[in-house]
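What follows is a structure written as structure tokens; I'll ask about it next.
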Amino acid sequence: MPHSKKPKLANEDADNTAAASIPSDELANIFGCLGPIEILHLRRVCKTWNDAAKNTIVPLTDFKVHDIDSYNTMKTMATALPNLQQLELRDNLKHVLIHINSSRINHRYANGEDPDEEKALRSINDITYEVDMVSNFTKLRVLKLGCASLNGSYPYLFNFPLQKLTISNCGYLKWDLNVLAGMPLKELHVKSSESLTGNIPALTGNIYSLRVLKDTLERLTIAACPQVEGNFMDLADFPLLKSLILPQMVSITGDIRGMSETSFPKLENILLPKNVYGGQEYMIMRISEAKDLIATIYSIKKQSHRHPSLFEDFNWYLSGNSPDWHEEEFWYPFSFCLVRAGSRLGWRWERKFEFTPDYHFEVNWLDALPTKGSSEHQSFTEALQDMQSRTDRFPFFKGFHQPPTEAVYNRLKRQYRPSREEMEMWENPSSSHE
């Protein structure tokens, strides 16, 4: 017996008519409150809804391309939702492997212009997926590329009115800071872009070229990109810059002594490479230079508009080539840093070991003692007691405000009697640490 057609519900035609009667512009506004996947489903209701989806400014919602299914969804969106505003491309198909005659076939994006030849040769048998349809998203505001299997340059990836660009661990993606010209970029985050082979200039350029972003840039992170050069002070007059993070940037230069009251007026967070004077892990040649460096840091922190935490996570070191250095059985350098007890700021030398006790010197206070009886004095006293207990726990340098001479150090070693706890930490270095 043949199957009969499924009967229509009585109000089905009426519902379809009502759905189609909503003006496309109104639908687009309604869709603008939904995520891209929801809009993608709703576009199937009728032609009117499909047209409305194409006109919808898709809200800033995280959409990741990380496997075959999400890649195919992106392909559909390229025509169905061309006004997508946020997109993340990851190493999309790293979990999908095909084994043929014991050979492993990977999936990757198609090579761009001027790809690395060795990388291209190694991946010649990979299954490739085009990525140029991304250029259809003409209103893209946020683009993230994380571990994406890209090789070469892809100019269309930088042809958007981007406000935020994040690129991490894309070692074979070739691009230059100059491509950012014309973008209303507020945030730029680039991390570990050097390739695993160590010889491909994945990101090149001079940070001076970022001056085209002077009126919009708020947050900048560029990490471990050795081909990027320039002086960080070229960004000092950026009126909106709140965060400047430049770790492991061996070609970035500069000197914090150039930071005046008008430099970086909105800065809240900063991390500079060690080749910058005053940068993280900057090395001094003489112990006496520490006071000068700290005086510079303190003068910057006391500028009226400075964020209170500026430089407080930095550590500076005495160089192993210093005439003040003396060798010993454990090669761990003397370092110094800012410390805070309540609202009172100071600095001290330290001797930190990886798995064994940390030895603290006495604090050199920069701020005046808070007024007795005040809440600030109470918080200072409580913090100081905790700080002192740590020094008393391993008191090798108790009473010293800076590293001693070699003769004094050797005398201290002969006279010092470590506690039982300290001895146990040295005997079992990997089992415990304060």
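Given H placed on each backbone N at 1.01 Å, which residues far from LEU173 in sequence or on other chains put an amide H within less than 5 Å of it?
So LEU173 has HN proximity to GLY152.
Once label points are set 7 Å from the Cα along Cα→Cβ at both HIS305 and ASN231, what is their separation, rounded to one decimal in nm?
2.1
Pick from LEU121, LEU60, LEU81: which is most flexible by mean-square fluctuation in a GNM of the chain where alpha carbon atoms under 10 Å apart are linked?
Of LEU121, LEU60, LEU81, the Gaussian network model singles out LEU121 as fluctuating most.
So, one more: When the Karplus curve 6.51 cos²θ - 1.76 cosθ + 1.60 is applied with θ = phi - 60°, which whole-Hz ³J(HN,Hα) does each residue of the stretch 80-90 get, with x for Gly and Pro?
Along the stretch 80-90, the couplings run 7, 10, x, 9, 4, 10, 9, 8, 10, 9, 10 Hz.
Taking a probe of 1.4 Å, how large is the accessible area per residue of the chain, in Å²? Intermediate results must be reported in sequence, preceding the final value.
On the way: 22420 Å² over 434 residues.
For the chain, the solvent-accessible area averages 52 Å² per residue.
Okay, moving on. What number comes out for the charge environment of SER153, summing +1 per Lys or Arg and -1 per Asp or Glu over other residues with Cβ under 12 Å away?
Details: positive: LYS174; negative: GLU113, ASP114, ASP116, ASP176.
Its environment carries a net charge of -3.
Distance check, please: which entries in LYS191/LYS214; LYS164/LYS242; LYS266/LYS302; LYS75/LYS186; LYS274/LYS413 exceed 25 angstrom between their Cα atoms? Please report the intermediate quantities before stating the final value.
Numbers: LYS191/LYS214 21 Å; LYS164/LYS242 14 Å; LYS266/LYS302 14 Å; LYS75/LYS186 28 Å; LYS274/LYS413 31 Å.
Flagged as over cut-off: LYS75/LYS186; LYS274/LYS413.
Also, quick follow-up: Name the long-range amide H neighbours of VAL339: under 5 Å, sequence gap of 5 or more, or other chain; modelled H, no Pro or chain starts.
GLY346, TRP347, ARG348
Can you find, among ALA120, LEU140, TYR109, the residue sitting farthest towards the positive end of the charge dipole of the stretch 108-149, where Lys and Arg contribute +1 and Asp and Glu -1 at Cβ?
It is LEU140.
Taking H placed 1.01 Å from N in the peptide plane, check which residues at least 5 places from ASP237 or on another chain put their amide H under 5 Å from its amide H.
Long-range HN contacts for ASP237: PHE264.
The values are calculated or read from the model by the stated rules, or taken from the named source; none is laboratory data. Please read these numbers as outputs of a predicted model, since none were measured by experiment. A quick note on method: Cβ atoms are made from the backbone with ideal geometry, for glycine too, and the neighbour counts reach across all protein chains shown. Side chains included, ligands, DNA and RNA excluded: accessible areas come from the protein's heavy atoms. Shrake-Rupley method; radii C 1.70, N 1.55, O 1.52, S 1.80 Å.
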